[in-house]
Every structure is written in structure tokens, then in C-alpha cells.
Amino acid sequence: MISEKLREVKDNIEAAKAKRSFDKAQEVLLIAVTKNHDIYAMREAIDAGITDIGENRIQEAKEKFETLDRDVTWHLIGHLQTNKAKQAVKIFDIIHSVDSLHLAEAVNNAAANIGKIQKVLVQVNLAKEDSKSGIYAEDMEELLYKVDEMPNLQLMGLMCIAPNYEDVEDCRPLFAKMHEIYNRVKEMDFQTANIVYLSMGMTHDYQIAIEEGSNMVRVGTGIFGPRQY
Ligand SMILES: *Cc1c(COP(=O)(O)O)cnc(C)c1O
């Protein structure tokens, strides 16, 4: 039952928040990652209290966006190709995966064309994994300032995906480091950016991510069970 699993995830989120030595009152936004799950599962989750949906692929999201008769916030959490920016800005309230100047420009132009201010996060590849998207931490500040200057983007924070370590505890120092970077970014001198989101944590590591300062977690399997491909 989706509603029971959702209750479990929410309890785990509260327990992880309580373990934090800082920012105990900081809310954590739960994004239900619905990739490879159908519209019925999505409705069930939303009727059980989910307000935010995460999808990876534009085509799948587009079909669901056109079919889903519920009012939710849509998050693009997967890698975005510049040639799909036009479709992405029509669907998504927040794009988590901006990781290059080239992509930021494409999203800014696409948003300008439909008269939208697109909320975005910048994805950081902290562990420098070849297999993952995201900008390296040392190149991040320059991109953040450039995104801040783009008239049709609003920068809202940072996103990261931890490596898939065998022992999930190995993620902890990375999450702590990301939180440190996030706190530093909050102090940067921006024009329009409003840095409020640190998107980190998935099914296997969201409790550790929250303990280390995440305020936005992306949970699929933990709510819907394993994906069928
Ligand atoms: C698929 C995905 C998730 C959710 O993964 P689960 O392990 O099913 O919770 C979270 N974030 C990103 C970027 C994803 O691609």
C-alpha cells in the first residue's frame, strides 16, 4: 500500500530531523519520484498527501503531465539535454539539473519564449564521478553568478546525487560537505537568487542526507516499491 509506505517515509524523515544538531525546525520537502510508475500510482500517492512529483525523462513526464488531473508541483530531477529545454519549461516548476552555462542559457531562452521565470537548482558532482552529471564544486560559483544574472531563471539552491556506496554511511561526509557549500552559497551576494533548497537524498540515503542538512529529498522506491523496466 502506497499510503502505508508513505507514512513510513514521513516517520523516517521526522526521526532524521530530530537527530540533527542544527536547524531542527527546518522543514524537509518530500518529492515522490514517479519515473516508471503509472498514473494510478501517482494519483494514489497524491491522494495520500504527496504535493511534489519528481520525473527524470521529458517524454514520460509530458504524457503524465497531460493526463494527471491533480494539482502538484513538478520537479525535473534527471539530466536535461539542451534540445529538450523548450519542453521542460512547459512542464516543470523546478529543474534540479542545471549544470553548465550552455544548459542554463538554453533553459533561460526557452523560459523567455513562454514568458516564464523558471526556478532552477544547480547540480553539483561533489564526488567527481564520471557517470554522473553535475558541475564540479570548484567551478560552481562562477555558474551560480551567471545563472543569477539570467533574467528568466530564478536560482533556488543546489542538488546532488551521492555515489552508490556499498555502505551508505560513506555518504555522510559528502552530504556534510554539501551542506557546508550550501551555507556558503546562501551568503553569496546575488541579485535575484533565493537560496532555500538543498536537494539531496534518495531511498537508500535520505535519512543520512537529512541528518546532514538536506531539506528536499527525492524518494521513489521507498514509496512505490521497485521500478519495473
Ligand atoms: C530515480 C531517482 C531518484 C529516486 O530513486 P529511489 O532510489 O527510487 O528513491 C532520486 N533522484 C534522482 C536524480 C533519480 O534519478
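The values are calculated or read from the model by the stated rules, or taken from the named source; none is laboratory data. Because the structure is predicted, anything quoted here is derived from the model rather than measured. All Cβ positions, glycine included, derive from the backbone under ideal geometry; neighbour counts span all protein chains shown.
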Just give me the residues in the stretch 88-135 being in contact with a strand residue (DSSP E or B) (Cβ under 7 Å, 6 or more places away or on another chain) and part of a helix (DSSP H, G or I), in sequence order. 88, 89, 91, 104, 107, 108, 111
Please work out if residue 180 is of a type outside the set (Gly, Ala, Ser), over 27 Å from residue 1 (Cβ atoms), more than 9 Å from the ligand (Cβ to nearest atom) and surrounded by fewer than 17 Cβ atoms within 10 Å (Cβ to Cβ). yes
Tell me which residues, restricted to the stretch 77-131, are more than 21 Å from residue 149 (Cβ to Cβ) and aliphatic (A, V, I, L, M). 77, 91, 126, 127
Can residue 34 be described as under 17 Å from residue 96 (Cβ atoms), within 14 Å of the ligand (Cβ to nearest atom) and touching a residue at least 12 places away in the same chain (Cβ under 8 Å)? yes
Within the stretch 193-222, work out how many residues are more than 8 Å from the ligand (Cβ to nearest atom) and either of a type outside the set (Gly, Ala, Ser) or surrounded by fewer than 23 Cβ atoms within 10 Å (Cβ to Cβ) (or both). 17
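Yes/no per residue for (1) within 17 Å of the chain's Cα centre (by Cα); (2) closer than 25 Å to residue 56 by Cβ; (3) at pLDDT 95 or above:
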{"position": "166", "(1), (2), (3)": "no, yes, no"}
{"position": "179", "(1), (2), (3)": "yes, yes, yes"}
{"position": "187", "(1), (2), (3)": "no, no, yes"}
{"position": "202", "(1), (2), (3)": "yes, yes, yes"}
{"position": "205", "(1), (2), (3)": "yes, yes, yes"}
{"position": "217", "(1), (2), (3)": "yes, yes, yes"}
Positions within the stretch 1-10 being more than 18 Å from residue 216 (Cβ to Cβ) and either at pLDDT 95 or above or of a type outside the set (A, V, I, L, M, F, W, C) (or both), in sequence order: 2, 3, 4, 5, 7, 8
So which residues in the stretch 39-87 are in contact (Cβ under 8 Å) with a residue 40 or more places away in the chain, in a loop (DSSP other than H, G, I, E, B) and closer than 23 Å to residue 122 by Cα? 77, 78, 79
All positions within the stretch 99-110 that are closer than 19 Å to residue 62 by Cα and within 16 Å of the ligand (Cβ to nearest atom): none
Checking residue 124 against (1) more than 18 Å from residue 31 (Cβ to Cβ); (2) buried (at least 17 other Cβ atoms within 10 Å of the Cβ): exactly one of these is not met. Which one? (1)
